[in-house]
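Asks: Let me begin by handing over the structure; questions about it come next.
The values are calculated or read from the model by the stated rules, or taken from the named source; none is laboratory data. Source: prediction; values computed, not measured. Positions of Cβ are generated from backbone atoms using ideal geometry, with glycine treated the same way; all protein chains shown enter the neighbour counts. Note: accessible area is taken over every heavy atom of the protein model, side chains too, but ligands, DNA and RNA are not part of it. Shrake-Rupley method; radii C 1.70, N 1.55, O 1.52, S 1.80 Å.
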Amino acid sequence: MLFSHFNLGNIELSNRLAMAPMTRSRASLDGALNDDIVRYYQQRATAGLIITEGAPISKVGRGYAFTPGIYNQEQIDGWKKVTDAVHAEGGKIFIQLWHVGRVTHPSITGGEQALAPSAIKGLNKGYGPLEEGGYGFVDQEVPRAMTKQDIINTQNDFVQAAKNAMEAGFDGVELHSANTYLFEQFMLNSANQRTDEYGGSQENRVRFLVETVSAVAQAIGEDKVGFRLSPYLVIDDPDVDPEMPSLALKALEQLSQLKLAYVHFSEHVATWRPVPSSFRRQVREIWPNPVIVAGRHSKESAQDILEQGYADVVAFGEYYISNPDLVYRFKENLALNQNDRSTYYGGDAKGLVDYPIVDPKVKHLAVNDLC
Ligand SMILES: Cc1cc2nc3c(=O)[nH]c(=O)nc-3n(C[C@H](O)[C@H](O)[C@H](O)COP(=O)(O)O)c2cc1C
C-alpha cells in the first residue's frame, strides 16, 4: 500500500510516503533561500508529498534563526525555484506555514516582542544567537498577550502567506498547529488564560485555529489546505494537558464541513504518549478528509498503520534527512544512510545535500564533493 497512488483532494500523489516538515536553518538571517535549499528538496522529490520545513509567516512569527520565510518577494522568488525543481522531478510539495507565538526571543524576531494568547512564558526554546557567540537554543522571554487586533492581523498574515505560497507555485499549504507553537498555545490551558471568546471553553480555545484554517481555505481553496496537530506529544512539560486529544477532535469536528487536503498528526518527537486506537477511530468517524501521521515510523509500521485504515499517508522525518531516495531504498529493501545529527540545524551544504543517493532516477542530483 505504501507505494500505491493516493489522491489528496485533487492532487495525485505517486505513493503514500511524505517527507515530514523539518527545520534545517540554512536560509539567510532575513529568511531568503539559496540554491542548496533548492537542491535539498529536489533530491527528495520522489516522496509522494514533500511538506517543507516550517516557514515563518512574519518576522514576529519566527522562532528559529535562518528559517526561510514566506512573507516577502525575495522569499517567494526563492521558494519558486524550489517548487519548479520539485515539479520538474514529478514531485508534489506543500509549504508549512509557521508562527511560533511565544517560542522565540527578540534577538530572533528582529527586536519584536513575542505574541501569544496570554503573557505567560513557556519552557520550549527558540534557536538564535548565543551570548557567548554562535547560535544555539535560547530561552523565551515573557510574550505580549495578543489584542483582538493582533489576532486579526495574524490571521491576515496567514492568509497573505498562503497567497504568497500560491504565487511561489506550491501545491498547497500546511498550517503548523502542532508542537507548542501559536495555535497550540491557544489550545493549552496553561498558556491561554484569556477571558474573551478565544479562551476558556474548548470551543473558544480552538476558535483561533478553526477561524484561521477557514480563512486560508477561503483564500486559496479548501483542497489546498492541511493542518498539523500533536495532541499526544509532551514537549513543554507543564503543558501536558489532558484535554488536548478532545480539543483536537473538537477542531476536526468544526472543520469537517470543509473539503480540506488533510490533517497531519505529529505523534512522536523526543517525548510522547502512545496514541490509543480509540482516538484514531474517533478521528476517522469525525473527519471525512485524508489523514497523515508522522513519528518514528519504519517501513513496516507505516505499512501496518495504512492497512489498519488509520492513515492514508505516512510522513518520515529523520530518515529523509539522510536518505533523499527513501522511496527507492524502501522498495528495494536497501540499507539506509546514517544521520549526522550535528548538521541538523544551521551550517551549510554539509549534511543537507551530500548524503549518498542510489536511486538511478535521482542519482544525477547527488552532490558528493563538498570540501
Ligand atoms: C531536524 C528536525 C526539524 C524538525 N522541524 C519541524 C518543523 O519545522 N515543523 C514540524 O512540524 N515538525 C518538525 N520536526 C518534526 C518532524 O516533522 C517529525 O514529526 C518528527 O521528526 C518525527 O518523525 P520521524 O521520527 O520520522 O523523524 C522536525 C524534526 C527534526 C528531526
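Asks: Got a sec? Which of Asp36, Asp77, Asp84 is over 23 Å from Lys363 (Cα atoms) and open to solvent by 50 Å² or more (accessible area, probe 1.4 Å)? Break it down into steps so the answer makes sense when it comes.
Replies: Values: Asp36 fails: over 23 Å from Lys363 (Cα atoms); Asp84 fails: over 23 Å from Lys363 (Cα atoms).
After applying the criteria, what remains is Asp77.
Asks: In addition: I need a count of the residues in segment 335-371 that are part of a loop (DSSP other than H, G, I, E, B), closer than 24 Å to Ser301 by Cα and open to solvent by 70 Å² or more (accessible area, probe 1.4 Å).
Replies: The number of residues fulfilling the criteria is 2.
Asks: Also, I was wondering about something else. What is the number of the single condition among (1) of a type in the set (D, E, K, R); (2) surrounded by fewer than 19 Cβ atoms within 10 Å (Cβ to Cβ); (3) free of Cβ contacts under 8 Å to residues at least 40 places away in the same chain that Asp196 does not meet?
Replies: Failed condition: (3).
Asks: Check whether at least one residue in segment 319-326 is farther than 30 Å from Thr67 by Cα and within 12 Å of the ligand (Cβ to nearest atom), and report yes or no.
Replies: No, that holds for no residue.
Asks: Could I ask something else about it? Inside segment 87-126, can you point out the residues that are in a loop (DSSP other than H, G, I, E, B), open to solvent by 20 Å² or more (accessible area, probe 1.4 Å) and not aliphatic (A, V, I, L, M)? Break it down stepwise before answering.
Replies: Initial filter on segment 87-126 (in a loop (DSSP other than H, G, I, E, B)): 89-92, 99-105, 110-114, 117-125.
Right, trim to open to solvent by 20 Å² or more (accessible area, probe 1.4 Å) and you get 89-90, 92, 105, 110-113, 119-121, 123-125.
Correct list: Glu89, Gly90, Lys92, His105, Gly110, Gly111, Glu112, Gln113, Lys121, Asn124, Lys125.
Asks: How do the pairs read when you match residues in segment 313-337 that are on the phi < 0 side of the Ramachandran plot with residues anywhere that are away from the ligand (no atom under 14 Å from the Cβ) and at pLDDT below 95, using Cβ under 7 Å and keeping only pairs 6 or more apart or on different chains?
Replies: Listed by first residue and then by second, the contacts come to Pro324/Val362; Asp325/Val362.
Asks: Could I ask something else about it? Does segment 143-163 contain any residue that is part of a loop (DSSP other than H, G, I, E, B) and either basic (Lys, Arg) or within 16 Å of the ligand (Cβ to nearest atom) (or both)? Walk me through it before giving the result.
Replies: Of all residues in segment 143-163, those part of a loop (DSSP other than H, G, I, E, B) come to 143, 146-147.
Going one step further and asking which of them are either basic (Lys, Arg) or within 16 Å of the ligand (Cβ to nearest atom) (or both), we end up with none.
Checked segment 143-163: no residue is part of a loop (DSSP other than H, G, I, E, B) and either basic (Lys, Arg) or within 16 Å of the ligand (Cβ to nearest atom) (or both).
Asks: Taking segment 268-285 as the search range and keeping residues that are buried (at least 16 other Cβ atoms within 10 Å of the Cβ) and at pLDDT 95 or above, which one is farthest from the ligand (Cβ to nearest atom)? Don't jump to the end; show me each part of the working.
Replies: Of the residues in segment 268-285, the ones buried (at least 16 other Cβ atoms within 10 Å of the Cβ) are 268-269, 272, 275, 279-280, 282-283.
Pick out the ones that are also at pLDDT 95 or above and you get 279-280, 282-283.
Working: Phe279: 17, Arg280: 17, Gln282: 21, Val283: 17 Å.
For segment 268-285, the residue satisfying everything is Gln282.
Asks: Counting just the residues of segment 227-259 that are surrounded by fewer than 21 Cβ atoms within 10 Å (Cβ to Cβ) and small (Gly, Ala, Ser), which one comes out modelled with the highest pLDDT?
Replies: That would be Ser256.
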